[in-house]
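Contents: one structure, followed by commentary.
The values are calculated or read from the model by the stated rules, or taken from the named source; none is laboratory data. Quantities reported herein were computed from a predicted structural model and do not represent experimental measurements. Cβ sites come from the backbone with ideal geometry, for glycine too, and all protein chains shown count toward neighbours.
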């Protein structure tokens, strides 16, 4: 568990909380210790924390989005694929405790199990250190992860140009980008940007540079058909 703590940049004060978060039900059932619990209850708590922080993030950086689009965006951020990618990034599968049968059948690589374990880990961070460690983890590994995906060259290649071309199809329309806020220290800046057409927000994005954030905002506008 030392390696996992190093990977996420957090040292647990109570290591037993972390161990519970990493304990799959197959291991708990196999060991059958009265003091050993699986991570299923933590998954429940972590899911609620994840929804809270992601909802707050969306609410704060997309002031013009209606409820339906906010809901769809949140679903994208907290879906199994998103959490599975987080688990791969921090090598979470290598740290989980499985029963022999589950381990033999590839439990450590199963997306549903790894996604659930990420939720349990979020709960463990909250139980051990309060809201701030959980918030930092969600921002760094979930919100940032999705922003990087939407700003990757393979998905947003020349999104700004494509959006500009669509806007110019109607004479007199103006496309602009505005920085909503900057986060983080100088060596690790994070920009949040809105794309606007005639002053109306049509997309939002974030990234480590202004250009990356603008591309993500343009991509969002194109994907959501906001024009």
**Fill in**
residue 167 fails exactly one of (1) within 18 Å of residue 143 (Cα to Cα); (2) out of contact with any helix residue (DSSP H, G or I) (no Cβ under 6 Å at 6 or more places or on another chain), namely (1)
**Request:** Of the numbered conditions (1) touching a helix residue (DSSP H, G or I) at 6+ places or on another chain (Cβ under 8 Å); (2) without any contact (Cβ under 8 Å) to a residue 60 or more places away in the chain, residue 75 fails exactly one; give the number of that condition.
**Result:** (1)
**Item:** Search result, residues across region 11-28 that are under 13 Å from residue 121 (Cα atoms) and either in contact with a strand residue (DSSP E or B) (Cβ under 7 Å, 6 or more places away or on another chain) or surrounded by 17 or more Cβ atoms within 10 Å (Cβ to Cβ) (or both)
**Value:** 12, 17, 18, 19, 20, 21, 22, 23, 24
**Prompt:** When residue 40 is evaluated against the numbered criteria (1) over 18 Å from residue 142 (Cβ atoms); (2) at pLDDT below 90, which criterion, by number, is the only one it fails?
**Reply:** (2)
**Message:** For region 112-128, check the following and say yes or no: at least one residue is at pLDDT 90 or above, surrounded by fewer than 20 Cβ atoms within 10 Å (Cβ to Cβ) and closer than 30 Å to residue 212 by Cα.
**Reply:** no
